[in-house]
Amino acid sequence: MRIAIGSDHAGLNLKREAAAVLTSLGHEIVECGTTGTESVDYPDYAAKVAEAIQKGDCQMGLLVCGTGIGMSIAANKFKGIRAALCTCEWEARLTRQHNNANILCMGERVVGIGLGKAIAEVFFTTEFEGGRHQKRLDKIALIEDRNA
Ligand code: RB5
């Protein structure tokens, strides 16, 4: 799978560490920035990752900022994006199984490096269960269409 990754300055370290986990799982990483430590604006990177998925260039994404909250708010403005802010492995598993989340958002200042890597591994190795959950995702898509 091709996975788009993005962060602001506050999420740079966890993004890099989580990317190494994804590479070890056999995924191809598409780096959407930022790549430096200077202060930047998280919506710019949420947009790059979301658009890579919308275009079909990548299948899933990873976004990290200080809390993960700004990234998730911004990414979920994009049609077809289901960005999930996860703070534990349980949430990562359930949001893949039930919500078919296609972007993992994390806060480096919240979860830290070790837990963040574990969350990323669970998220990117868990499959969507479909069935009754697909009907609910269809309703989210209808909401998107009504509010476009
Ligand atoms: C940057 O200071 C911080 O606001 C950002 O990383 C993020 O936490 C926003 O939601």
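Coordinate-derived values only; no laboratory data. Treat the numbers as computed from the prediction; the structure is a model and nothing was measured. Positions of Cβ are backbone-derived with ideal geometry, glycine not excepted, and every protein chain shown enters the neighbour counts.
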Exercise for review: Restrict the search to segment 1-60; then list the GluC sites (Glu not before Pro) that DSSP places in a loop and that have at most 11 other Cβ atoms within 10 Å of their Cβ.
Suggested key: Glu38
Check your understanding: Relative contact order for segment 28-128 using alpha-carbon pairs under 8 Å, separation at least 6, rounded to a whole percent?
Key -> 25
Practice item. Just list whichever of Lys15/Lys79; Lys55/Lys135; Lys55/Lys79 have alpha carbons separated by over 21 Å in the model shown. Key: Lys15/Lys79; Lys55/Lys135
**Study point:** From phi via Karplus (6.51, -1.76, 1.60), per-residue ³J(HN,Hα) for segment 21-33 in Hz, x at Gly/Pro
**Key:** 5, 5, 4, 5, 7, x, 8, 9, 9, 10, 7, 9, x
Exercise for review: Could you give the spread of the C-alpha atoms of segment 90-148 along their three principal axes, from largest to smallest, in whole angstroms?
Suggested key: 39, 26, 13
Exercise for review: Quick one: order Leu137, Leu142, Leu104, Leu12 by neighbouring beta-carbon count within 10 Å, fewest to most.
Suggested key: Leu142, Leu137, Leu12, Leu104
Practice item. Could you tell me which trypsin sites (Lys or Arg not before Pro) in segment 51-148 are loop residues by DSSP with no more than 13 other beta carbons within 10 angstrom of their beta carbon? Key: Lys55, Lys77, Lys79
Check your understanding: Under a plain spin-label model, where a point goes 7 Å from the Cα along Cα-to-Cβ, how far apart in nm are Ala141 and Ser39?
Key -> 4.2
Review point. Can you give the angle from 0 to 90° between the axis of helix 42-54 and the longest principal axis of the chain, with both taken from C-alpha atoms, to the nearest 10?
Key: 50
Revision key, fill the gap. One checks the Cα atoms of segment 33-93 and finds Rg and Dmax, in Å, of 11.7, 33
Point to revise | Debye, to nearest 20: dipole size of the chain, +1 on Lys, Arg Cβ, -1 on Asp, Glu Cβ | key: 500
**Study point:** Percentage of interatomic Cα-Cα distances in the chain larger than 24 Å
**Key:** 23
Check your understanding: Where the centroid of each part is defined by its Cα atoms, how far is segment 17-51 from segment 84-148 in Å?
Key -> 17
**Study point:** Signed unit charges on C-beta, dipole axis of segment 106-148, positive-most listed residue Gln134, Phe123, Asn147
**Key:** Asn147
Check your understanding: In whole Hz, what ³J(HN,Hα) sequence does segment 121-131 give by Karplus (6.51, -1.76, 1.60; θ = phi - 60°), x for Gly and Pro?
Key -> 4, 5, 4, 8, 10, 10, 9, 5, 8, x, x
